[in-house]
Every structure is written in structure tokens, then in C-alpha cells.
Amino acid sequence: MDILAFGVQADERPLIEKAFEGKHDVRCLDVFLNEDTVPIAAGYEAISTSVNADLSRSVLQTLAVGGTQLIAQRSTGFNNIDLDVAERLGLTVARVSYYSPYSVAEFAWTLAMAVNRRIVRASNRTRDFDFRLDGLMGRDLRGRTVGVLGTGKIGEAFTRIAHGFGMNLLGWDVAENPACVELGMKYVEKDELLASADVVSLHVPLLPSTHHVIDRAALRRMKDDAILVNSSRGGLVDTEALVGELRAGRLAGVGLDVYEAEAGLFFLDKSLEVVSDDTLARLMTFPNVVVTSHQAYYTEEAVGQIVAATVENVAAYVAGRRTGNVLVPRVPSGGGQG
Ligand code: NAD
């Protein structure tokens, strides 16, 4: 079978080509799937996509007309895919439901610590041979409180690190995770978590029920000197509201690996262009904000597992085997979140 892989990073390409070698012919493209690029997929029975692919109605319709039957998404999150439309069109959609949660959890703490200990500013200073410490004072984490929104696989790994720091653990989730409870996590209402936490980290998926889970009201409930970290999905945070609160001098700092309007920006080199996104441009001006471009998952272990699972998703489709990674067609019970 011929497979067309969209949105392939340079480091990822040899891994994908090697993993499919001798099994299927794979063509890797660095461009992302969207309205403009979807014609390239005509004639490919299987395509593989990444987080910022546009798999909305019209793109899915064009894919179906062009003969595509399998979409193998190389991520856990699938908020970029209109599953109802995919199902109506008779497409099969698979994702990677598990890969190293440590990749994202460790990165979330990297962001929190970079903000807390002013690492970016310190590094810029020393490169300029300015060795003063003014303005670089951080805080010990031991004895402080972390609030974890979403205590699934990544939230649990994040909580284990917080436990290692000696922090008090607060959690918010629709279901308690016994492993987190065993570490001493106390599950509370979101408002209580926000009001008590020194570090708030987001690990829920982006769903209609979690869209802007951190809105203006939520931001105002947080301590003035709290740190907010989002390494899950940009749409969890109302960015306009965040900019407003930062402008008012609230929050100690923010670490963002995701941004709600990241599609068309993140993973791309825009350094020679005028950025038309005023919200992002304003966000970049705050000295206490660190932004990375959706790289939390980007470790050798996680990318290796994502590629291996994608090969397995294609093999299962060819063999007519249903696995836990299949989102569409849905199981009659309505499962599929995996
Ligand atoms: P998971 O399914 O193991 O955990 C998600 C948790 O959120 C579950 O415990 C679930 O009960 C909880 N949850 C779901 N809906 C909720 C709601 N409405 N209210 C409260 N809690 C709710 O998922 P995971 O593997 O831990 O991944 C979490 C998210 O991390 C993914 O959905 C994805 O968006 C994001 N992610 C980001 C990157 C990155 O590189 N930045 C990489 C992988 C995953």
C-alpha cells in the first residue's frame, strides 16, 4: 500500500522511512494537511497526519473522493479531526493512544522551572557577559502546592515528579487516579485548586467541555504569583484573557508549549515574515512568558513509539483487525476516546 505522510519533521523522516521499509511504500512531506495540500493525497489509500493537520469536513470529503480510506494520526490528541464526518464518509481513523507520557510530563516541568528560575533571561544575560543576578530570583518548590488539571497518563507522570520535589498535590479530574491518590494527591473542585496552587499544569484533552477551561474567571482565581503551564492543547486557555491578566501584572509567569492559533505557525520557520497574530506577538513581549512550539512530545523514545504504533495501525487496518487505537468506525458502545 502507498502511504503519504504529512507534517513530517526532519528528525522524524528517517525513522518513518525505516519503520515502513519492506512493508509499505511511504512518501514523507514536510507540509501539513490542509485545504491547499489535500490534492496531493489523491490516489493514496492511506495517509498519516500530525497534530496540526486540518481534518475538517471539506478536507475529509476531498480525501474520500480521492480514494483515501485510512487516516493514521501520529498523536494522542485528535481534536483536529471531525470524527462524525469521517465516520459518515466510511473512513478509518486511528491514532496513537499511548506513548511515553514522561516526554510531556518532563517537558511541562522544564517549562515551569524555566519560568520559575528565569532560565531564558539568565542564559541571554550570560551570553552578553552580564553576570548580575538582579531579577533572577526564583522560589523553592518544596512545600509549595501544585494543581494538576487532568490526572491521566501524563498528569500522573507530572504528579510523580512534583512528589519528588516535595510538593503538596492537588488534582482535578472527572475520575480519580488511584496512583495519584497513593502519592498523596487530594482531589478538589477546580476553583479550590486554582486558588491554592503555586503551579497549575494542564493535562486534560481538548473537548467541548474543556475548551477555555482556563478563562478570565479561572485566571483571576489563581494566585497573583502562580505559574501556569499548558503542554496539552492551546484551546484549553483563553489566550486573550491571559494576555489581559499578564498585562495587569498578574501571575509569576507562564509556560506554553501549545497555543490556540498555533496551526499555520508552529513547526514552521516564520522568522523572515511579519507575524500577523497580534495576540501571540503580545504574548512574546512578556519577560515572564516562555513559549515553545509543541515540542513536549519530541523525545527519541516518544517519537520512536509513535512511529512504531503508526506502522502497527496500518498493519492492523490491512489485516482487518480492530485495535484500541481506532477512533472511527466507532465501537457501538460509543467508546473511542481510548
Ligand atoms: P489521558 O486520557 O491519559 O488523560 C486525560 C485525563 O483528563 C483523564 O484522566 C480524564 O479523565 C481527564 N479528563 C477528560 N475530560 C475531562 C473533563 N472534562 N474534566 C476533567 N478531567 C477530564 O491523556 P494523556 O495521555 O494524559 O494526554 C493528555 C493530553 O495531553 C492529550 O489529550 C493531548 O492533548 C496532550 N498532549 C500534548 C502533547 C504535546 O506534545 N504538547 C503530547 C501528547 C499529549
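The values are calculated or read from the model by the stated rules, or taken from the named source; none is laboratory data. The model shown is predicted, which means the values in this text are computed figures rather than measured ones. In this analysis, Cβ positions are derived from the backbone assuming ideal geometry, glycine residues included, and neighbour counts consider all displayed protein chains.
Within the stretch 302-314, residues that are closer than 10 Å to A72 by Cα and away from the ligand (no atom under 14 Å from the Cβ) have Cβ atoms under 6 Å from residues that are of a type outside the set (K, R) and assigned to a helix (DSSP H, G or I) in these pairs: V311/A19, counting only partners at least 6 apart in sequence or on another chain. Under the condition of being closer than 21 Å to N288 by Cα and modelled with pLDDT of 95 or more, the residues counted in the stretch 267-277 number 1. Close Cβ contacts (under 7 Å, 6 or more residues apart or on different chains) running from residues in the stretch 169-185 that are modelled with pLDDT of 95 or more to residues that are within 9 Å of the ligand (Cβ to nearest atom) and part of a helix (DSSP H, G or I) comprise W172/K190; N177/E156; A179/E156; C180/E156. If you scan the stretch 76-133, which residues turn out to be more than 30 Å from D54 (Cα to Cα) and touching a Leu at 6+ places or on another chain (Cβ under 7 Å)? Correct list: R118, R121, A122. Across the stretch 225-268, the qualifying residues are those that are of a type outside the set (A, V, I, L, M) and over 19 Å from the mean Cα position of the chain (by Cα), and the one among them that is surrounded by the fewest Cβ atoms within 10 Å (Cβ to Cβ) is G249.
So, A10, is that one among the hydrophobic types (A, V, I, L, M, F, W, C) and in contact (Cβ under 8 Å) with a residue 24 or more places away in the chain or not? Don't jump to the end; show me each part of the working.
Working: among the hydrophobic types (A, V, I, L, M, F, W, C): yes; in contact (Cβ under 8 Å) with a residue 24 or more places away in the chain: no.
Judged against the criteria, A10 is not a match.
Restricting to the stretch 139-196, give me the number of residues that are touching a Ser or Thr at 6+ places or on another chain (Cβ under 8 Å) and away from the ligand (no atom under 14 Å from the Cβ). Residues that pass the stated criteria total 7.
Scanning the stretch 19-41 for residues that are in contact with a helix residue (DSSP H, G or I) (Cβ under 8 Å, 6 or more places away or on another chain) and small (G, A, S) returns A19, A41. Condition check for R282 on (1) assigned to a helix (DSSP H, G or I); (2) away from the ligand (no atom under 16 Å from the Cβ); (3) surrounded by 20 or more Cβ atoms within 10 Å (Cβ to Cβ); (4) not polar (S, T, N, Q): one failure, at (3).
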